[in-house]
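Presented below is the structure to which this report refers.
The values are calculated or read from the model by the stated rules, or taken from the named source; none is laboratory data. Computed from a predicted structure; not experimentally measured. Neighbour counts run over all protein chains shown; Cβ positions are idealised from the backbone, glycine included.
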Amino acid sequence: MKLTTEQMEKVENLLSQMTLDEKIGQTNLESPSIVGGFDVSFEELIEMVNDGRVSQDEFKKIMSTASRDYHEDDIRAGLVGGMMGDDPVKANELQKIAVEESRLGIPLIMGYDVIHGLRTVYPIAIAEAGTFDPELFERTAQVAAKESRASGIEWNFAPMIDVARDARWGRVSEGPGEDPYLASCFAKAKIRGLQNDQSSTENYVAACLKHYVAYGACESGRDYNTTSMSVSQLHNVYLPPFKAAVEEGAASAMASFNDLNGVPCTLNPYTLRDTLKERYKMNGFVVSDANGIVECVTHGIAEDAKDAGIQSMNAGLDMDMGTHIYKEYLKEAIETGKVSMEVLDDAVRRILMVKMWLGLFENPYVSEKNIEKYKTLPEEHVAVSLEAAKKSIVLLKNEGQVLPLNRKQKISLVGTLAANRDEVCGAWAMGWKSEDCVSIWEGLKNSGADVAYYLCGGPEDEINEDEIVKACIEGDVVVAVIGELVNMTGEASSKANIEMPGKQRQMMESLLEKTKAAGKSLVTVLMNGRPLGLGWEDAHLPVIVEAWHLGVQMGNAVAAVLFGDENPSAKLASSFPSMNGQCPIYYNHPSTGRPGSKSKFTSRYLDAPFEALYPFGYGLSYTTFIYGEMQVEETADTYDIRVGLKNDGERDGTEIVQLYMQDVTASLVRPVKELKGFVRVDLKAGEEKKVTISLAKADMGFYDNQGTYVLEDGLFRLYIGGNSRDCQCREVRASFK
Ligand code: GLC
């Protein structure tokens, strides 16, 4: 985030005029409190719903009757730095109080969760990351930024860039998968898309990197659980996306709930001040996650709320989301010297810098024109969402080349997920309207399919055998849509069983038997937010398409792929296990002294495969790609890996060529493979191209347990291929002197 000298002078001048109360006010992030029955913050009420203290029905009743307290008096007194919400009219009202009625007229910053689109929702991150398309990552983020600003949101609590390797964790759906390099490319592109079009204050927002840091490493995939790792693991796996995003100019970050090696990230000096602010030089601010500060008491590292607040501010946490601890205790902490004015000034300066950089002092309001602009989704936004959706679909299996279908075939569509447009947007999509969403059933009809829907079962439904029989008799091909409801992934959605939910597997067993008996084809489309344990499905189902939760255009995208208008090109950004017990499972693992194999005394299971069912980077196409002989050329600063690639089929297609590396012998054991590059290659039927991926020698190192980046001479293996398992390999002996 770059400010001009003039902007910095304005920030310092403002800071010098501020009273202690006004400084503390900037560190206070409010959300509308629900009043009447539950006088708690909206965030806390959500927590109460999530943990069952408040039932869904009670919540609906409260929301229908409760009014909201927007803390207008505190805003007027300069005691509020930011507000959460997505209503532009309300945002303008509150902003007017802050700008015109508070003593110094410092504007609020309005924040909201816009993780994969606001009104025009696009694929969940784990799906979009599978496109391996940074240019697309950037364009979808630009759509989100524009729609956010028009909704009075200048600050997106995004991108979520937590590397995650355990699919039991519900939030694996929100992030870019298991690989630090892909996650770093994703993070950088999202920052560019959210922040870089500063041609108008209507086009950019402040990003908020989350959840800082290692939240995805929560033990046993249980949300909010403890994380424990070496310094080298932290720097090699979980920090890279944040480092990359800060280098791209990220304006803010959000501290994560988890404790890291015994110190909660909300008040962790090593991660916040030492690493993010001093080492990476992030000049924006850090906000806590919801209630994060007070939870440090529950963690057992703070005596009480006041102690938690003091430790948090001193560690480098600049803004308090939802607990009012800074508002209540910082003044005394400053007056008693527990927190220095210098520390508080640093926090306030960072917050003022972001507001200045956002242009809020000059343009604090959303124009009427802009408010109206996205009442209906703009065509160009919908087009980007549809493109992203199509490109995010992964073809996992296509026995007998059943796909693509042709429109002469009568389709029997089954699975309740197929007919429910309110399930297409996935977790953490908050601003969409049902009428803007396209179910798979609607998408098939839109594409001219001869399709009939049969109510046979779904994630939480009983199976209807009569309807199954009808579907298998009346259609030429059965398309079964199975997977997860939106509420089965996202926050507070950890699962011990990540195999197919409910009775969907039984439904598929019945469909398999009856389609075989009727001589019909069976196509399975997955709608899910996390990698599922698909051992049974892979062993029995002939055709499997991974369609994730793709956003408002899901139905049209799935139809395009099923009919071959779009040749599927995506790969998996996360490994899929055969069964639960394999979690966590990921490709970039160390060798161990006894790599898993058939022989007994190795790192293998007695009752499960050693390898992932579908590995990172895996995905098929309707055409076939033939790789030529891999060549490696060394230059002064790089290894250039070249390979011929031929589209050997009758369809145009896109292959994502991946480059991996192994540091065979090092001062710390290194992963058997690490992604170091990739490129999307479009090839017409029969076309052949030379593909080159360069690996900079400077990128062949790793972080040691002092957090120092080291490059060590020695033997390296370079791999190139269409996924992390099936690759060609060449060895090089590298010297970095
Ligand atoms: C939630 C989430 C975080 C979100 C915040 C505000 O608890 O952990 O991702 O941005 O609260 O809604």
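Note on segment 379-415: residues that are in a loop (DSSP other than H, G, I, E, B) and basic (Lys, Arg) amount to 2.
Can you confirm whether segment 190-203 contains a residue that is closer than 30 Å to Thr376 by Cα, within 16 Å of the ligand (Cβ to nearest atom) and in a strand (DSSP E or B)? The answer is no, given that none of the residues of segment 190-203 is closer than 30 Å to Thr376 by Cα, within 16 Å of the ligand (Cβ to nearest atom) and in a strand (DSSP E or B). On inspection, Gly105 fails the criterion of being farther than 12 Å from Ile153 by Cβ and within 16 Å of the ligand (Cβ to nearest atom). For segment 205-235, give me each residue that is at positive phi and in a loop (DSSP other than H, G, I, E, B). Residues satisfying the conditions are Ala214, Tyr224. Among the residues of segment 260-285, the one identified as more than 23 Å from Asn28 (Cα to Cα) and within 16 Å of the ligand (Cβ to nearest atom) is Leu260.
Does segment 626-640 contain any residue that is in a strand (DSSP E or B), hydrophobic (A, V, I, L, M, F, W, C) and without any contact (Cβ under 8 Å) to a residue 24 or more places away in the chain? Yes, segment 626-640 has at least one match.
To keep it simple, each residue is scored yes or no on (1) in contact with a Gly (Cβ under 6 Å, 6 or more places away or on another chain); (2) away from the ligand (no atom under 16 Å from the Cβ); (3) free of Cβ contacts under 8 Å to residues at least 60 places away in the same chain.
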{"position": "Ser64", "(1), (2), (3)": "no, yes, yes"}
{"position": "Ile75", "(1), (2), (3)": "no, yes, yes"}
{"position": "Asp133", "(1), (2), (3)": "no, yes, no"}
{"position": "Phe137", "(1), (2), (3)": "no, yes, yes"}
{"position": "Ala158", "(1), (2), (3)": "no, no, yes"}
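One residue alone among Phe610, Phe625 is over 21 Å from the mean Cα position of the chain (by Cα) and modelled with pLDDT under 95, and that residue is Phe610. Within segment 198-212, residues that are without any contact (Cβ under 8 Å) to a residue 60 or more places away in the chain and in the same structural domain as Ala255 (by TED's automatic domain parsing) reach partners that are away from the ligand (no atom under 11 Å from the Cβ) and among the β-branched types (Val, Ile, Thr) with beta carbons closer than 8 Å, at six or more positions or on different chains, in the pairs Ala207/Ile191; Leu209/Ile161; Leu209/Val246.
Each row is one residue, and each column tells you yes or no for (1) within 20 Å of Leu417 (Cα to Cα); (2) without any contact (Cβ under 8 Å) to a residue 24 or more places away in the chain; (3) assigned by TED's automatic domain parsing to the domain that holds Pro180; (4) in a loop (DSSP other than H, G, I, E, B).
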position	(1), (2), (3), (4)
Ser510	yes, no, no, no
Lys516	no, yes, no, no
Leu550	yes, no, no, yes
Gly555	yes, no, no, no
Val558	yes, no, no, no
Ala573	no, no, no, yes
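Entry remark, segment 286-301: residues being more than 20 Å from Asp274 (Cβ to Cβ) and away from the ligand (no atom under 16 Å from the Cβ) number 2 in total. Restricting attention to segment 531-578, the residues being among the hydrophobic types (A, V, I, L, M, F, W, C) and farther than 18 Å from Phe616 by Cβ number 16. Every residue in segment 608-618 that is out of contact with any helix residue (DSSP H, G or I) (no Cβ under 7 Å at 6 or more places or on another chain) and either on the phi > 0 side of the Ramachandran plot or part of a loop (DSSP other than H, G, I, E, B) (or both), please. Those that are out of contact with any helix residue (DSSP H, G or I) (no Cβ under 7 Å at 6 or more places or on another chain) and either on the phi > 0 side of the Ramachandran plot or part of a loop (DSSP other than H, G, I, E, B) (or both): Pro609, Phe610, Glu611, Ala612, Pro615, Phe616, Gly617, Tyr618.
Per-residue answers, yes or no, for (1) assigned by TED's automatic domain parsing to the domain that holds Val348; (2) of a type in the set (Lys, Arg); (3) under 22 Å from the mean Cα position of the chain (by Cα); (4) over 22 Å from Gly81 (Cβ atoms):
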| site | (1), (2), (3), (4) |
| --- | --- |
| Leu267 | yes, no, no, no |
| Arg279 | yes, yes, no, yes |
| Phe285 | yes, no, yes, no |
| Ser288 | yes, no, yes, no |
| Ile293 | yes, no, no, no |
| Thr298 | yes, no, no, yes |
| Met313 | yes, no, no, no |
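Here is a list: Glu467, Glu435. Which entry is farther than 27 Å from Phe157 by Cβ, surrounded by fewer than 20 Cβ atoms within 10 Å (Cβ to Cβ) and away from the ligand (no atom under 16 Å from the Cβ)? Unique residue meeting the criteria: Glu467. Quick check on segment 474-497. Is at least one of its residues touching a helix residue (DSSP H, G or I) at 6+ places or on another chain (Cβ under 7 Å) and over 24 Å from Pro531 (Cα atoms)? There is no residue in segment 474-497 that is touching a helix residue (DSSP H, G or I) at 6+ places or on another chain (Cβ under 7 Å) and over 24 Å from Pro531 (Cα atoms). Going by the structure shown, is Thr592 over 24 Å from the mean Cα position of the chain (by Cα), polar (S, T, N, Q), assigned to a loop (DSSP other than H, G, I, E, B) and within 26 Å of Asn236 (Cα to Cα)? Yes, satisfied. Among residues of segment 277-299 that are in a loop (DSSP other than H, G, I, E, B), those with a Cβ under 7 angstrom from a residue that is surrounded by fewer than 21 Cβ atoms within 10 Å (Cβ to Cβ) and small (Gly, Ala, Ser), sequence gap 6+ or separate chain, pair up as Val294/Ala305. Among the residues of segment 427-453, those that are over 15 Å from Val525 (Cβ atoms) and not charged (D, E, K, R) comprise Ala427, Trp428, Ala429, Met430, Gly431, Trp432, Ser434, Cys437, Asn446, Gly448, Ala452.
Matching residues to (1) modelled with pLDDT under 95; (2) in the same structural domain as Gly117 (by TED's automatic domain parsing); (3) surrounded by fewer than 23 Cβ atoms within 10 Å (Cβ to Cβ):
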residue: Phe361; (1), (2), (3): no, yes, yes
residue: Tyr365; (1), (2), (3): no, yes, yes
residue: Pro378; (1), (2), (3): no, no, yes
residue: Gln401; (1), (2), (3): no, no, yes
residue: Arg407; (1), (2), (3): no, no, yes
residue: Ala418; (1), (2), (3): no, no, no
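If you go through segment 242-256 and pick out every residue that is away from the ligand (no atom under 16 Å from the Cβ), over 16 Å from the mean Cα position of the chain (by Cα) and either of a type in the set (Val, Ile, Thr) or surrounded by 23 or more Cβ atoms within 10 Å (Cβ to Cβ) (or both), you end up with 1. Can we say Asn370 is surrounded by fewer than 16 Cβ atoms within 10 Å (Cβ to Cβ) and over 21 Å from Asp21 (Cβ atoms)? Criteria not met by Asn370. Note on segment 253-282: residues that are among the basic types (Lys, Arg) and over 17 Å from Ala347 (Cβ atoms) total 1.
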